Amino acid sequence: MFRFVALIRENWDRLAASITLEQGKTFADAKGDVLRGLQVAETACGITTQLTGEVLEVAKDMETRSYREPLGIVSAICPFNFPAMIPLWCIPLATVTGNCLILKPSERDPGAAMILAELAKEAGLPEGVLNIVHGAAKTVNFIIDEPRIKAISFVGSDKAGKYIYTRGSEQGKRVQANLGAKNHACIMPDANRNATVNALVGAAFGAAGQRCMALSALVLVGEAQEWLSDMVEQAKQLKVNAGFEEGADLGPVISKHSKERIESLIQSAVDDGATLLLDGRGYNPEKYPNGNFIAPTIISNVKPHMKCYTEEIFGPVLVCMNVDTFEDAVDLINANKYGNGVAVFTNSGATAARFQRDIEAGQVGINTPIPVPLPMFSFTGNKGSIAGQGGNYFYGKSGLNFYTQLKTVTSLWRSSDAISTKASTAMPTNS
Ligand code: NAD
């Protein structure tokens, strides 16, 4: 794992270039994609202290100790939007815990996973420990139905995730499944206006909004509603271009189909009576007239029943809603079916503390827009952003639990049975 980490660092640019080429995000952002995965591999290097079991003397001469054993063969099914990070959520932990992993990258951008597999081999991972399979639904069905595969890690959309979770669980497999999201930011009027607007624009439009933790819904409390004009001005400054182009802030979306879907959701907002403050449809950089580009789009006066709010858009589109009070904001956000990430922007510690307690989303940012936990914690999405009841989180202690089976051994070694090396010369008294 140490060698694997070193090789990822050496091949950082190569991995990022593959991501930019296939996925479209900017080269700088693709380097971040690699980094967030690399951090999981770095943390996995400390596995020897993380894997220790527990021991207790439970009765005279009797002790119970717990071990973590590998599951055997486990699998990972990955989405298109983080071609390095999500495979790296799985490869390090699954293998350092002693499992063999079958990983299926997204059929839309499998290049980074192939490079990672090559690096794992170069680092000395034994033959057969990491296996890459390609394909789409048919390959996934094989993974679900093959009895020798004991666990499935899935990250992707609701539809595929719910199907894989249900069918995989029916087959008796352990399944962890991260699904879609609608991540809200609650903007209090006492927040630092400039810093907040900067943070929001970056988090809404970075990676063309194709991040599961992208901020896609703004809830503006009271006078914060006046900040929308700043947001529009900032968003207009962003450069939309191919990911390798100098100065590009956001690249294209993943496919023509995705572009059309996003554009139709923007149109649905207009048809439903929302206000289109900034319309990014129809934009193409001069050099790429046929690209799947959408420029930053901001929609205000959105209401909870509108399709642009109820559906995950997964594009550079920010929907904005106005409320009068902090309590209204919390109620509105908690009423949403998703619970991946959320953020509050305020200068009041008391407001932040109350927000962090009352809000249901699983990953909360306070004056920080994309609160993805580092790998010493776990990725703790909640509600509709995970399948099942939760608990099977990626990486961290929870990830370790997912990839291992606890075994307890209780042993009795009577001290009276110990073979004595010293002969006794006294007559036995049985006392
Ligand atoms: P997707 O569901 O289309 O694809 C994910 C994986 O599932 C791919 O490997 C694909 O081949 C497979 N798949 C797709 N349809 C299938 C089917 N019918 N049967 C079996 N397998 C199928 O997702 P995507 O478009 O690649 O990724 C974007 C989605 O992933 C967004 O909804 C985003 O929010 C979500 N996501 C969530 C997280 C998270 O941690 N919550 C992280 C990243 C992405």
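Could you give the size of the charge dipole of the range 183-366 about its Cα centre, using +1 on the Cβ of each K and R and -1 on the Cβ of each D and E, expressed in debye and rounded to the nearest 20? Before the final figure, lay out the partial values.
Working: 14 positive and 22 negative charges, 104 e Å.
Dipole size: approximately 500 debye.
Report the gain in length on full extension from PHE142 to ASP13: 0.36 nm times residue separation, minus Cα-Cα distance, nm rounded to one decimal.
On the way: separation 129, 0.36 × 129 = 46.44 nm, distance 3.37 nm.
Here the answer is 43.1 nm.
In the chain the longest region clear of GluC sites (Glu not before Pro) that are loop-assigned by DSSP and have at most 16 other C-beta atoms within 10 Å covers 128-244.
Summing charges over neighbours of ASP328, with a neighbour being any other residue whose Cβ is under 15 Å away from its Cβ, gives -3 when K and R count +1 and D and E count -1. Each pair of Cα atoms in the range 183-366 enters the Kirkwood radius, and Stokes-Einstein at 4 °C and 1.567 mPa s then converts it into a translational diffusion coefficient of 79 µm²/s.
Once the Cβ-Cβ distance of LYS407 and THR368 is raised to the sixth power relative to R0 = 45 Å, the FRET efficiency obtained is 0.65.
Label zone of SER255 (point 7 Å out along Cα→Cβ, amide N under 20 Å): in the range 1-45 this covers 19-26.
In the neighborhood of PRO189, defined by Cβ-to-Cβ distances under 12 Å, what is the net charge if each Lys or Arg adds +1 and each Asp or Glu adds -1?
Values: positive: ARG193; negative: ASP190, GLU223, GLU226, ASP324.
After counting each charged neighbour, the total is -3.
In vacuum, with every alpha carbon of the chain counted as one equal point scatterer, what does the Debye formula give for log10 I(q)/I(0) at q = 0.08, 0.09, 0.14 Å⁻¹? Two decimals, please. After summing over all Cα pairs, the log10 values are -0.49, -0.60, -1.29. The range 300-340 and the range 159-209 have Cα centres lying 13 Å from one another. Subtracting the Cα-Cα distance of THR52 and ASN290 from 0.36 nm times their residue separation leaves 80.2 nm of extension gain.
Of ALA335, ALA120, ALA387, the residue with the greatest mean-square motion in the GNM of the chain, using alpha carbon springs below 10 Å, is ALA335. With a Förster radius of 51 Å applied to the beta-carbon distance between LYS60 and HIS305, the computed FRET efficiency rounds to 0.15.
Within the straight-line cut-off of under 14 Å between alpha carbons, the aspartates and glutamates reachable from LYS287 are GLU245, GLU246, sequence neighbours fewer than 8 places apart in one chain being disregarded.
Among VAL129, VAL96, the order by Cβ neighbours within 10 angstrom, fewest to most, reads VAL129, VAL96. Taken as Cα centroids, the range 50-69 and the range 91-147 sit 33 Å apart, rounded to the nearest whole angstrom.
Run the numbers for LYS397 and ARG167: contour at 0.36 nm per residue of separation, minus the present Cα-Cα distance, in nm. Walk me through the numbers before you get to the answer.
On the way: separation 230, 0.36 × 230 = 82.80 nm, distance 2.59 nm.
Going from the current span to full extension adds 80.2 nm.
Across the options GLY37, LEU88, THR26, the greatest Cα extent toward the positive end of the charge dipole of the range 1-115 (unit charges at beta carbon of Lys, Arg, Asp, Glu) belongs to THR26.
Within the straight-line cut-off of under 29 Å between alpha carbons, the lysines reachable from LYS422 are LYS60, sequence neighbours fewer than 8 places apart in one chain being disregarded. Name the residue, out of PHE142, PHE82, PHE314, whose mean-square fluctuation peaks in a Gaussian network model built on the chain with Cα pairs under 10 Å. Maximum among the listed residues: PHE142. Counting every other Cβ atom within 10 Å of each residue's Cβ, TRP227, TRP89, TRP12, TRP413 order from fewest to most as TRP413, TRP12, TRP227, TRP89.
Counting Lys and Arg as +1 and Asp and Glu as -1, what is the net charge of the other residues whose Cβ lies under 12 Å from the Cβ of GLN405? Before the final figure, lay out each step's value.
On the way: positive: ARG68, LYS150, ARG174, LYS407; negative: GLU69.
Its environment carries a net charge of +3.
Spin-label pair GLU69-ALA426: with each label point 7 Å from Cα along the Cα-Cβ axis, the two points sit 4.5 nm from one another. In the frame of its principal axes, the range 85-225 has Cα extents of 59, 37, 27 Å, reported largest first.
Can you return the lysines within cross-link range of LYS138? Criterion is Cα-Cα under 25 Å, with same-chain partners fewer than 8 residues away left out. Correct list for LYS138: LYS104, LYS150, LYS159, LYS162, LYS173, LYS256. Note on the chain: GNM, Cα springs under 10 Å; of LYS138, LYS236, LYS25, the largest mean-square fluctuation is that of LYS138.
Every number in this text was worked out from the coordinates using simple rules, so none of it is lab data. None of the values given here were measured: they were computed from a predicted structure. Because the Cβ atoms are built from the backbone with ideal geometry, glycine has one as well, and the counts that use them run over all protein chains shown.
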